[in-house]
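Read through the structure below, which is laid out as structure tokens, and then see the notes.
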Amino acid sequence: MNISIINQKIQLQKDILLQHPLYEKVKTLDDLHQFLEGHVYAVWDFMSLLKALQSKLTCTTTPWFASQNPDTRYLINEIVLAEESDLTLDGKRLSHFEMYVDAMKDCGAQTIQLETFLQKVIETNNIFVAIKQSDLHPKTKAFLDFTFRVIEEGKTHKIAAAFTFGREDLIPNMFTEILKSFQQNFPETDLSKLIYYFERHIELDADEHGPMAMQMITELCQEDEHKWKDVEEVSILALEKRIGLWDAIEEKITANLELA
């Protein structure tokens, strides 16, 4: 098995995600707020997948020893640098998650549910308890629970699969176009930070991170068919959970329309 076969195996889930009816439902600023308030959890948990890979594939303890593969080590450290300490639109250093939350606030989306959830994570010191006790949509809970179950299992190739294939890289491109049309339709609302965030992701993923992540998967699995099968299964599940997250956001937008 190889990368091209994995891409074939997950094409159905990718197509469902890219053709999801959610995109057609985001028509008003309220709809956009609902999208951002749901999508932010995918922005947040992505960092935990990344940090789990950093702990597995680079040396983060003392005494220091060189990790096994220099190219994979470079990939992870490069992505951590970009994701955790990138330049914002106004030249400050923030993580992409912080940039996203800042952009949410800038355009009027609510962050109180997110802040309450993150506080619960700190207080319980147990991500699974925090997810279970939260008031998030059940499909959002399932999305987060899956991510952290994969991390907890601790198998590097599975974490890498969720990281590499479980996040559809065409979505930022799609939403950049949606945001630009919103900026035209609602010129009084400043969406420049959101547009910058999505464009930054497209730039980073297309130029370096995407191809290097594929190489990471190849190096982790090599000729081990069991590992390749794991990658296939985790990738499909990760995309299905992502589809579930989209379902949750769509349901909230639809419910709001019915109440209006």
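The values are calculated or read from the model by the stated rules, or taken from the named source; none is laboratory data. The shown structure was predicted, so the numbers you read here are calculated from the model rather than taken from an experiment. Positions of Cβ are generated from backbone atoms using ideal geometry, with glycine treated the same way; all protein chains shown enter the neighbour counts. These accessible areas exclude ligands, DNA and RNA; they are computed on the full protein's heavy atoms, side chains included. Shrake-Rupley method; radii C 1.70, N 1.55, O 1.52, S 1.80 Å.
Surface composition of region 5-48: carbon plus sulfur atoms hold 51% of the accessible area, using a 1.4 angstrom probe and ignoring ligands, DNA and RNA.
Relative to the present Cα-Cα distance, how much length would full extension add between Leu118 and Thr62 at 0.36 nm per residue of separation?
Numbers: separation 56, 0.36 × 56 = 20.16 nm, distance 2.94 nm.
Contour length minus Cα-Cα distance gives 17.2 nm.
Could you tell me which residue out of Leu94, Leu50, Thr124 lies farthest along the dipole of the chain toward its positive end? Charges go on the beta carbon: Lys and Arg +1, Asp and Glu -1, centred on the Cα centre. So the residue furthest toward the plus end is Thr124. Packing-based ranking of 27-39, 209-221 yields 27-39, 209-221, ordered from highest to lowest mean Cβ neighbour count within 10 Å.
Distances longer than 18 Å among the Cα atoms of region 24-91: what percent of all pairs is that?
Numbers: 1280 of 2278 pairs.
Tail fraction, whole percent: 56.
Extension gain, Lys92 to Gln133: 0.36 nm times the residue separation minus the Cα-Cα distance gives 11.3 nm. Placing +1 on each Lys and Arg Cβ and -1 on each Asp and Glu Cβ, with no other charges, gives region 76-136 a dipole about its Cα centre of roughly 220 debye.
Here the chain was treated as a single set of alpha-carbon atoms; its pair distances binned every 5 Å from 0 give 1, 6, 12, 16, 19, 18, 14, 8, 4, 1, 0, 0, 0 percent.
About its Cα centre, region 133-260 has a charge dipole of approximately 320 debye under the convention of +1 per Lys or Arg Cβ and -1 per Asp or Glu Cβ, with nothing else charged. What you get for the chain, charging only the Cβ of Lys and Arg (+1) and of Asp and Glu (-1), is a dipole of about 540 debye around the Cα centre.
Surface composition of region 69-112: carbon and sulfur atoms hold 51% of the protein heavy-atom accessible area at a 1.4 Å probe. Rounded, prolate or oblate for region 111-260? Axes are the square roots of the Cα gyration tensor eigenvalues, ordered a ≥ b ≥ c, and the cut-off for rounded is a/c under 1.5. The shape class here is oblate. Rolling a 1.4 Å probe across the protein heavy atoms gives region 41-141 an accessible surface of 54 Å² per residue. Ordering Ile249, Phe175, Trp228 by Cα displacement along the dipole of region 138-260 toward the positive end leaves Ile249 in first place; charges were set at the Cβ atoms of Lys, Arg (+1) and Asp, Glu (-1).
Need the full-extension length gain, Leu12 to Glu219, defined as separation in residues times 0.36 nm minus the C-alpha distance. One decimal, nm.
Details: separation 207, 0.36 × 207 = 74.52 nm, distance 2.53 nm.
Gain on extension, Leu12 to Glu219, equals 72.0 nm.
Among the protein heavy atoms, those of Glu78 account for about 50 Å² of accessible surface (1.4 Å probe, every chain in place).
How would Ile79, Ile122, Ile127 rank on accessible area, largest to smallest, probe 1.4 Å? Don't skip to the answer; put the middle values down first.
Values: Ile79 5, Ile122 120, Ile127 30 Å².
Result of the area sort, largest leading: Ile122, Ile127, Ile79.
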